[in-house]
Amino acid sequence: MKRRKFIIYAGVIGAIAGGMASYAVVSKNILLFLISIVAGIILLNAGKMRVDEVIEDERIYRTGDRASRKALQIFGVSTAFTGIALITMNEYVEAGYALAISSCILMILYIFLYTYYARKGIG
Amino acid sequence: MKTRIKEYRARHNMTQAELAELVGVRRETIVFIEKGKYNPSLKLAHKIAKVFNRKIEDIFIFDD
């Protein structure tokens with residue numbers, strides 16, 4: 001399949017999976033949510049394997065790496081500050097703790113993965 | 001970093017898409033390399049040089 005056809009295919013799969021996942025959240029159906037996410041990922045990867053042209057190359061990976069790092073920095077800092085602010089102001093304290101803890105987990109995960117890839121070496 | 005890819009492509013009568021396919025990247029990546037907006041990895045630079053049967057330093061001109 002050509003790349004343009006894959007983009008349309010990916011859009012359709014994303015819309016269907018996203019719609020199903022949203023419905024699952026509203027109807028509080030965890031099983032349907034998991035199925036829609038997993039099915040979406042499997043179908044997208046299956047479609048990717050059928051594309052004749054190159055979809056992702058080193059430039060795409062490098063751009064993604066840079067964007068991910070920035071997103072991580074912004075998200076990590078903003079969730080940490082928001083969580084601390086909520087806890088300090090005694091407003092939505094549980095949400096504040098959730099944000100602060102998730103920010104900590106994100107940072108720990110980043111440090112772990114960074115250490116792993118630093119030792120492994122990236123070709 | 002400047003490149004002479006466009007010059008070598010013209011010599012070999014090759015389009016950007018053809019070169020991209022030979023070295024396994026997207027056409028847009030070749031465009032970015034030619035414009036000097038993307039520095040390829042050593043591996044990719046070597047592949048491009050090999051297509052034109054030249055050395056890397058013949059294709060890519062490093063600014064000192």
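The values are calculated or read from the model by the stated rules, or taken from the named source; none is laboratory data. Being a predicted model, the structure only gives us computed values, none of them experimental. Cβ coordinates were reconstructed from backbone atoms using ideal geometry, including for glycine residues, and neighbour counts include every protein chain displayed. Side chains included, ligands, DNA and RNA excluded: accessible areas come from the protein's heavy atoms. Shrake-Rupley method; radii C 1.70, N 1.55, O 1.52, S 1.80 Å.
At a glance:
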read-out: Order of exposure, largest accessible area first, which applies to A:Leu32, B:Leu22 with probe 1.4 Å; value: B:Leu22, A:Leu32
read-out: Approximate spin-label separation A:Ile16-A:Tyr61, in nm, with each point projected 7 Å along Cα-to-Cβ; value: 3.0 nm
read-out: Exercise: per-residue mean of other protein chain Cβ atoms within 10 Å, B:17-28; value: 3
read-out: Given charges at beta-carbon only (K, R positive; D, E negative), |dipole| of the protein assembly as shown in Debye; value: 700 debye
read-out: Tensor-based shape of chain B (alpha-carbon gyration tensor, a/c under 1.5 rounded, otherwise prolate or oblate); value: rounded
read-out: Sum of -39500 (n - 2.57) over DSSP H runs of 4+, divided by residues of the protein assembly as shown (222 nm, nearest 500); value: -25000 deg cm²/dmol
read-out: Chain A - percent relative contact order, Cα under 8 Å, separation 6 or more; value: 19 percent
read-out: Within 10 Å of each Cβ in A:56-63, the average number of Cβ atoms from other chains; value: 5
read-out: Loop sites in region A:1-76: chymotrypsin sites (Phe, Trp or Tyr not before Pro), DSSP, at most 13 other Cβ within 10 Å; value: none
read-out: Loop-located trypsin sites (Lys or Arg not before Pro) in region B:17-46, at most 15 other Cβ atoms within 10 Å (DSSP); value: B:Lys35, B:Lys37
read-out: Neighbour cut-off at most 16 other Cβ (10 Å), DSSP loop, trypsin sites (Lys or Arg not before Pro), region A:34-123; value: A:Arg50
read-out: Positive dipole terminus of the protein assembly as shown, leading residue within A:Leu72, B:Val23, A:Ile105 (C-beta point charges); value: B:Val23
read-out: Helical segments meeting 20 Å axial Cα length and Kyte-Doolittle 1.0 threshold in chain A (DSSP H); value: A:3-26, A:30-49, A:93-120
read-out: Relative contact order of chain B, defined on C-alpha pairs under 8 angstrom at six or more residues apart (%); value: 45 percent
read-out: Cα gyration tensor shape for chain A, rounded if a/c is under 1.5, else prolate or oblate; value: oblate
